[in-house]
Structure formats: C-alpha cells, structure tokens
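This report refers to the structure that appears directly beneath it.
The values are calculated or read from the model by the stated rules, or taken from the named source; none is laboratory data. Everything quoted here is computed from the prediction, not taken from an experiment. As a convention, Cβ positions derive from the backbone with ideal geometry for all residues, glycine included, and neighbour counts pool all protein chains shown. Surface areas here come from the heavy atoms of the whole protein model, side chains and all, with no ligands, DNA or RNA. Shrake-Rupley method; radii C 1.70, N 1.55, O 1.52, S 1.80 Å.
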Amino acid sequence: MGNKGGRKVFEKIKKLFGAQDMTVGSPVKSIAKFAFPLLIGNFAQQLYSAVDSVVVGKYCTVEQNGYNGVDALSAVGVSSPIINLLLVLFIAIATGAGILVAQYFGAKEKEKLSVCVGTSVTLVVIAAVIIMAVGIPVSRPLLQLINTPEKYLDLAAAYLQITFLGILGVAFYNIISGILRGLGDSFYPLLYLLVSAALNIVLDIWFVAGLGLGVQGVAWATIIAQTVSAVLCLIRLTHMKDIVEVKKETLVPKPDTAGLILKLGLPSGLTQAIFSLALVFVQSLTNQMGDFVPAINVAIMRVDGFAVLPAFTFGLAISTYIGQNIGAKKMERLKSGERAALMLALGTSMVIVLALLLFGKQLIEIFINQESTDPDVYRKVVDLGGRGLQILAAGYIAMGITQIYGGILRAAGDTVSTMVISLITTVVVRVPLAYLLAHFNASQEWPKGHPDALFFSLLVSWLLGALLVYLRYRQGKWKNINLVDEKAEAESV
C-alpha cells in the first residue's frame, strides 16, 4: 500500500513538472510551472561549486593538507576562468541545439527533432575529446600566465587537470539536460540533478574531510557526480520515443543540421569565449592584489551563483516559451509571456537584493574556517567580501532584465545581438574599468588597487547590459525570425 501511495505521488509530481506544451494555456502558469523545478535544479547545480568551496575552505588545514582553507579556496577560484574559457565549444553546441529543439518541438517535427538531438550528442563527444586534449597540458602554463601566486599554483593546476580529465560527463549532462528542457521536460533533469548534488556533497566531505585529498578531492567528487547525472539524463532521453528517437542513424552527424546548430550557437560560444578571456584578465588583476584576494572573489562569486538564479531561470523559461510559440506561429502569445517572466524575475531578484544588503558578511563567513585562518586575514576576507556583495546587490535587478529580454532574442534566433552586447559590456567596459579603478584607488596598503574596483566595474557592466538588451528587444526585429520555416525552405530548394 505504501509503495502504491508513493508511486501515485511520484506520478502526480511527474505529471505536474513533466514535458510541457507551452503553446497553450495561461502564460504565467506555463512559465511558473516550467521554471519552478528548473529553479530548484539550478539551485542544486550551484551546490556543486558552493559545496566544493565551503568544504575546501572549512576542512583544508596545514596539518592535514599542507595548506589552509584560504589558499585552497583561492586555488579553486583562480581555475574557474580557465575552465570556462575552454568550455566554449559546449556553450556553442548547447545554445544552437536548445534553440532548434524548442522550435522543432513546437512545430511537431519529430524526424527533424531526432536528427537535431543525435547530431548534437555526437558533436559534444567530439568537442569533449578536443577540450580534454588541449586542457590538460596547458593548465599550468595558463595559470602562470595570469600571475597565479606560487604558493597555490600546484593546487590549482591539479584541480584543472582533474576537471578536464572528466569533462565528458560534465558536457553530456549539460547538453542532454538542455535538450530535455527544450522539449519542455524540466522534471527529470531536476530529479537527476538532485541525486547528483547529494552524491557530490557526500563525496566532497568523504574525499576532503575523511580521506584528506584536499583540492583534488573536490575535483574528483564533482566529475563523478556529474557523470552519474549525465548517464541518467541519457537514459531518460532514449526512453522518450513518442517525442524523439535516438538511434544509430540519428547519431551520424548531418552536415546541414550540424551547420545550423553551430551557426546559431557560435555567437553564444564566441561570446562566452571572449567573456571568459576577459575574466582571465580580471583574474590576473585579482591575483596581483594580494594572496587572499582570490579567496574573497571566489566566495562572492559562489554567493553570486545563487543570487542570479531567478534571473537565469526565468530567462531559460521564457526562452523555451518563446521558441515553442514561434515554432507554432502563435505570435499573439509572446507579449503576455514576456510580461509574466519579467514580473517573476524582478520580484524574486528584489528579495535577493534585500538579503545581500542585510546579510552579506554572514554569507562570506560560511566559506572560511576562522580557527585555522590568521585573524587579520579572516577579518579582511569577511569585511571586503561582505562589502563586495553590497556593491553588486542592485545589479541583480538589472540582471533580471538582461536575462528575460536576452532569452527572448536568443529563442527567436537573434544570437548575434546578444553576443555584441556582451562584448561591449565585458571587453569594452568591464575589463578596462576594473584596471582603471584599481589604478586610481591604489594605496600603500593596496599597491595594485583596492578589491572594490573588481565589483564596481562588474556592477557598471551589468547596468549597461540591461539597457542595451532592452533597447534591442524594443526594435522588434526578432519577431520576423522563424528558424523552422527557414530550414524548411532551404530543404525544398
């Protein structure tokens, strides 16, 4: 009886959050219903990096590992921009595939949908092999190039190399979960991600606190957990035969489909590459400010990962909504969907802003072990980190605007404009402004500049990005794009 009751509850939840046709029904309900499990899933995914950082910050000690938690946290932090830089191929494939999947699903084109999914999976395997071959040998030279302090250079290099060794599992989870979401299924990616996040937490604590593996331990924990979630997502995809079929024939890349995926995705991939390269330059500046400043930055970025969740989540939801409705030629539903997503994104972002203003320092304290850290260093990390979060707080409202209107543009296939805007805000504004502010607020205590420069420059770039994306949306050119029709016309010639 208990098993039957549990199965009924599971089926109800599955039905509630399963694959959705967002071309019918209330836009508010459709977006909220789709976004809720996605928000939980994104929260769980942020636990990967957050738990990694908390565990190394709290449990790495000089007695057990030969280095303290601040150095371990810094080693993980300086690695992130390089990891992101080498993941651009995945970003390109995932973006292009996501756009096509949503539109083919909305147009009920099962055969083309199957070919798109199969081609995307094969492209990911090829990209993973390339990134693994390039990433492992260049990890240490890249870290040296961005002025990584010698005291944790070896730690950061080991973390990077292990991450690239297991990159296929990470890539497969992200691409296949993205495909499932494009099909309107946000429940199973959520379920598998929760399983994976729980496994990651257990492995983190076991490898670091139990076995004393330190920074290398959190890297192994992450790739093992993400590989498990990737396998589960792949199994789910192969069982959705009524919607899409993944078989040998569809796994053979079709040149025209692969070309369209890359055409749509490369602007986002190039954007991410330039964005990540810009962050590498910012990381180089961060590394020069002081040995413990990278630890401040990584703690803030881990909190930031949770703070941007509402904006990114509703951005993904509106992207799927817009893609399906354009594919179904229901243009009259677009405006109401935009208003619903914007209301949800801004409402939740305002709550987050208030929390950061009130509890910024307390959030930073989560990542540092006070007992094993020099008191002066501990106080500086907490004070400067809390101040950084307060500086960034207003930017999360701007981020909500950026993600909603950017999601609409990308769903319609207008990926070039979002790329250009990202280039302007990051390369033209954020990086030069960070160096400029650091130069002008340099002092005897901070000869390479005060850390505030990092966060004020980021805030300005966020505000400008929101304005530019909104202006592009208001031009209305995205409404004239329909990739499904364009593809059909190309094939009929």
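Numbers at a glance
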quantity	calculated
Extension gain from T238 to V351, taking 0.36 nm per residue of separation minus the Cα-Cα distance	36.7 nm
Cα-projected label distance for M132 with K247, points at 7 Å along beta-carbon direction, nm	2.8
Label-point separation in nm, K110 to D374, each point 7 Å along Cα→Cβ	6.7
Centre separation in Å (Cα based) which lies between the range 283-357 and the range 110-161	24
Net length gained if the chain between S336 and L423 were fully extended (0.36 nm per residue, minus Cα distance)	28.3 nm
Accessible solvent surface per residue of the range 287-429, calculated while the other protein chains remain in place, 1.4 angstrom probe, Å²	36
Linear extension gain, D452 paired with V62, 0.36 nm per residue minus alpha-carbon span	137.4 nm
Percent accessible area from carbon and sulfur atoms, the chain, protein chains only, probe 1.4 Å	66
Across K29/K247; K247/K330; K33/K254; K329/K477; K29/K254, pairs whose alpha-carbon gap is larger than 26 Å	K29/K247; K247/K330; K33/K254; K29/K254
Helical mean residue ellipticity (222 nm; -39500 (n - 2.57) per DSSP H run of 4+; nearest 500) of the chain	-27000 deg cm²/dmol
Sparsely packed GluC sites (Glu not before Pro) within the range 309-414, loop by DSSP, other Cβ within 10 Å at most 15	E371
